[in-house]
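> I have a structure I would like to understand better, so I am pasting it below and will then ask my questions one at a time.
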Amino acid sequence: MIRATGQHTLAVIAELGDLARFVVRGYASAVGSRRLGRRLVRSVYEQGVRCLPVILIVGLFTGLVLGLQGYYTLNKFGSTGLLGQLVALTLARELAPVLAALMIVGQAGSALTAELGIQRNSEQIDALETMGIDPYGYLIAPRLIAALLVYPIMTVFFTLIGLTGGWLSASVLLALEGGVYWSSVYSAVGLVDVRECLVKAVVFGVITVSLCCHNGFNAHRRTGSTGARAVSASTTRAVVLSSIAVLAADYIITSFLV
């Protein structure tokens, strides 16, 4: 048991080191990469524009639920005027960056992992290396840079639509005045809350896209599976690890910023 524990621990440390080298090489390869702009625009479209509908839908219903539950909870204490603060701070500090990251991972992260895995299995990545094209600069760098842009923007959209959902629950469906709700929101959210929200969004973006790219790029290294099964296993592993990493990173960042 001790030997197995040690072997697993060493394997985890080695994989973390490999992931760190992968990320550093991915960002470093962006320097001097040809036609980076076109691939960057495509990555922003895949991670941002295509994920926007699900971000808006999930954000709206999250705000609706927060407004509904928060209203009935605060109504017991005669503090319904604080509903805007409850919804705004819950979204900005926790739910918006976490749920936005999970939605992007579920849609764009799984897709890019599968795409890279198929390119690896069909030897397209090997063909790039044969032609003297750096696959890190061509395939990885645009996606890593796009994450730095997309995740904060998607988080802001999630927060705004969530606040709107909270207003719909409180003012349209229930009895709270709209002016009271938005005044409470305005008085609650400060620069510290915005900073925490954006910091989490950037960190989650780097972590999740790095894990997805790493698992897809190295799909051929998976033992016990090859071909389509290796791509499927890598995609599942990337989504699961990214989701766990988001929640773990959220706790760590919150513990430092609170």
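> From the phi angles alone, apply the Karplus equation (6.51, -1.76, 1.60; θ = phi - 60°) to the stretch 11-27 and give each ³J(HN,Hα) in whole Hz, x where the residue is Gly or Pro.
Here the 3J(HN,Hα) series is 5, 5, 5, 5, 5, 5, x, 5, 5, 4, 4, 4, 5, 4, 5, x, 5 Hz.
> In percent, what relative contact order does the stretch 179-258 have, based on Cα pairs under 8 Å that are 6 or more apart in sequence?
Dividing the mean separation by the residue count of the stretch 179-258 yields 34 percent.
> As a check on your grasp of the helix formula, calculate [θ] at 222 nm for the chain: sum -39500 (n - 2.57) over DSSP H runs of n ≥ 4, divide by the residue count, round to the nearest 500.
-25000 deg cm²/dmol
> What translational D, rounded to a whole number of µm²/s, comes out for the stretch 1-52 from Stokes-Einstein when the hydrodynamic radius is the Kirkwood one over Cα pairs, at 37 °C and 0.692 mPa s?
235 µm²/s
> Find the centroid of the Cα atoms in the stretch 166-219 and in the stretch 9-70, then give the distance between the two in whole Å.
Between the Cα centre of the stretch 166-219 and that of the stretch 9-70, the gap is 16 Å.
> Given the Cα-Cα distance of Leu89 and Ala127 and 0.36 nm per residue of separation, how much length would full extension add, in nm?
Between Leu89 and Ala127, full extension yields 8.7 nm more.
> Normalised by the empirical 2.2 N^0.38 Å for globular proteins, what value does the Cα Rg of the stretch 191-255 take?
Normalised by 2.2 N^0.38 Å, the Cα Rg of the stretch 191-255 equals 1.38.
> Between Val180 and Ser232, what length in nm is gained on full extension when 0.36 nm per residue of separation is reduced by their alpha carbon distance?
Between Val180 and Ser232, full extension yields 13.7 nm more.
> Shifting gears a bit: Per Stokes-Einstein, at 25 °C and 0.890 mPa s, what whole-number D in µm² s⁻¹ belongs to the stretch 74-196, with the Kirkwood radius over Cα pairs as the hydrodynamic radius?
For the chosen part, D equals 142 µm²/s.
> Moving on. Considering every pair of different Cα atoms, what Kirkwood radius, in Å, is found for the stretch 149-258?
This gives a value of 16.7 Å.
> In addition: Report relative contact order for the chain in percent, whole number only (criteria: Cα-Cα under 8 Å, sequence separation at least 6).
32 percent
> With the radius of gyration and the Kirkwood radius both derived from the Cα set of the stretch 105-169, what is their ratio Rg to Rh?
When Rh is taken as the Kirkwood radius, the ratio is 1.23.
> What full-extension length gain, to one decimal in nm, is calculated for Val194 and Leu257 as 0.36 nm per residue of separation minus the Cα-Cα distance?
21.5 nm
> A follow-up question, please. Across the chain, how large is the tail of the calculated P(r) beyond 28 Å, expressed as a percent of all Cα pairs?
42 percent
> Mind ordering 193-202, 174-183 by average Cβ neighbours within 10 Å, highest first?
Result, highest mean first: 193-202, 174-183.
> Calculate the spin-label point distance for Val49 paired with Val31, positioning each point 7 Å from the Cα along the beta-carbon direction, and give it in nanometres.
Simple spin-label model gives 3.1 nm for this pair.
> What does the highest-first list of 156-167, 239-250, 14-25 look like by mean Cβ count within 10 Å?
156-167, 239-250, 14-25
> Can you work out ³J(HN,Hα) from phi for every residue in the stretch 93-100, in order, using Karplus 6.51 cos²θ - 1.76 cosθ + 1.60 and θ = phi - 60°, giving whole Hz and x for Gly and Pro?
8, 10, 5, 4, x, 5, 5, 4
> A further question follows. Excluding Ala141 itself, calculate the net charge of residues whose Cβ lies under 12 Å from the Cβ of Ala141, where each Lys or Arg counts +1 and each Asp or Glu counts -1.
So the surrounding residues net to +4.
> Around Arg39, what is the net charge, scoring Lys/Arg as +1 and Asp/Glu as -1 over all other residues with Cβ under 12 Å from its Cβ?
Computed value for this residue: +4.
> Starting with the highest mean, order 77-89, 32-44 by the number of other Cβ atoms within 10 Å, averaged over the residues of each peptide.
In decreasing order of mean packing, 77-89, 32-44 become 77-89, 32-44.
Coordinate-derived values only; no laboratory data. Treat the numbers as computed from the prediction; the structure is a model and nothing was measured. Please note: Cβ atoms are built from the backbone with ideal geometry, for glycine as well, and neighbour counts cover all protein chains shown.
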